[in-house]
Amino acid sequence: MISITDTQKIGVGFVTFGVTFIFLGVILLFDKGLLAIGNILFLAGMAFVAGLERSFRFFFQRHKWKGSGAFFGGILTVLLGWPLVGMCIEMYGFIVLFSGFFPVAVNFLRRVPVLGQILNLPFISGFVDRLGGESKMNV
């Protein structure tokens, strides 16, 4: 069994609150205060969960500079008062940074009992296959 430290538990709480604040900020028509707090909590939570050194190595690898620049540039744009533009830039950076995890996440979600059946429905399956990087010939 995987042992989780108290610091990692705090980090998971920060990430959860960060995502919640970002969600509320988007729902409340891109409220810049909620988005800013959510971004700060999300980054702090990532640092607590993975550690400062591993987080720094993840974001500042040479092949991830484009995604990291867009992600942090979007956060900076939100903090400067342009929430809609900042969230669009941030979303692009998030997709570029974490696109390598999408196939793993899709394969995991397909193994969840009820959700897997929903993801295999005809119209949803094509979208999920493209998101996961799978082609119809490999299936």
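The values are calculated or read from the model by the stated rules, or taken from the named source; none is laboratory data. Treat the numbers as computed from the prediction; the structure is a model and nothing was measured. Note that we place each Cβ from the backbone using ideal geometry, even for glycine, and neighbour counts take in every protein chain shown. Remember, those area values only see protein heavy atoms, side chains included, never the ligands or the DNA or RNA. Shrake-Rupley method; radii C 1.70, N 1.55, O 1.52, S 1.80 Å.
When Ile95, Ile89, Ile118, Ile75 are checked against the criterion of being open to solvent by 70 Å² or more (accessible area, probe 1.4 Å) and either of a type in the set (D, E, K, R) or under 16 Å from the mean Cα position of the chain (by Cα) (or both), a single residue qualifies: Ile95. With respect to being closer than 20 Å to Phe17 by Cβ and surrounded by 15 or more Cβ atoms within 10 Å (Cβ to Cβ), Lys64 falls outside the description.
Scanning for something crowded, with 16+ Cβ neighbours inside 10 Å, at pLDDT 85 or above, in contact with a helix residue (DSSP H, G or I) (Cβ under 8 Å, 6 or more places away or on another chain) and in a helix (DSSP H, G or I), does segment 129-139 turn up at least one residue? Looking for residues that are crowded, with 16+ Cβ neighbours inside 10 Å, at pLDDT 85 or above, in contact with a helix residue (DSSP H, G or I) (Cβ under 8 Å, 6 or more places away or on another chain) and in a helix (DSSP H, G or I), one finds none in segment 129-139, hence no. Return the total of residues in segment 78-120 being more than 19 Å from Ile40 (Cα to Cα) and part of a helix (DSSP H, G or I). Of the residues in segment 78-120, 20 are more than 19 Å from Ile40 (Cα to Cα) and part of a helix (DSSP H, G or I).
Taken residue by residue, segment 53-66 has at least one member that is in contact with a Phe, Trp or Tyr (Cβ under 9 Å, 6 or more places away or on another chain) and either outside any helix (DSSP H, G or I) or charged (D, E, K, R) (or both).
The numbered conditions (1) within 21 Å of Phe14 (Cα to Cα); (2) within 17 Å of the chain's Cα centre (by Cα) are all true for Glu53 except (2). When residues in segment 49-61 are screened for being open to solvent by 50 Å² or more (accessible area, probe 1.4 Å) and of a type in the set (Phe, Trp, Tyr), 2 of them pass. When segment 1-22 is filtered for residues that are in contact with a helix residue (DSSP H, G or I) (Cβ under 8 Å, 6 or more places away or on another chain), open to solvent by 80 Å² or more (accessible area, probe 1.4 Å), of a type outside the set (Val, Ile, Thr) and more than 9 Å from Leu41 (Cβ to Cβ), nothing remains.
Let's see how each residue does on (1) part of a helix (DSSP H, G or I); (2) hydrophobic (A, V, I, L, M, F, W, C); (3) touching a residue at least 24 places away in the same chain (Cβ under 8 Å); (4) in contact with a Pro (Cβ under 7 Å, 6 or more places away or on another chain):
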site: Phe23; (1), (2), (3), (4): yes, yes, no, no
site: Leu29; (1), (2), (3), (4): no, yes, no, no
site: Gly38; (1), (2), (3), (4): yes, no, no, no
site: Leu41; (1), (2), (3), (4): yes, yes, yes, no
site: Met46; (1), (2), (3), (4): yes, yes, yes, no
site: Ile75; (1), (2), (3), (4): yes, yes, yes, no
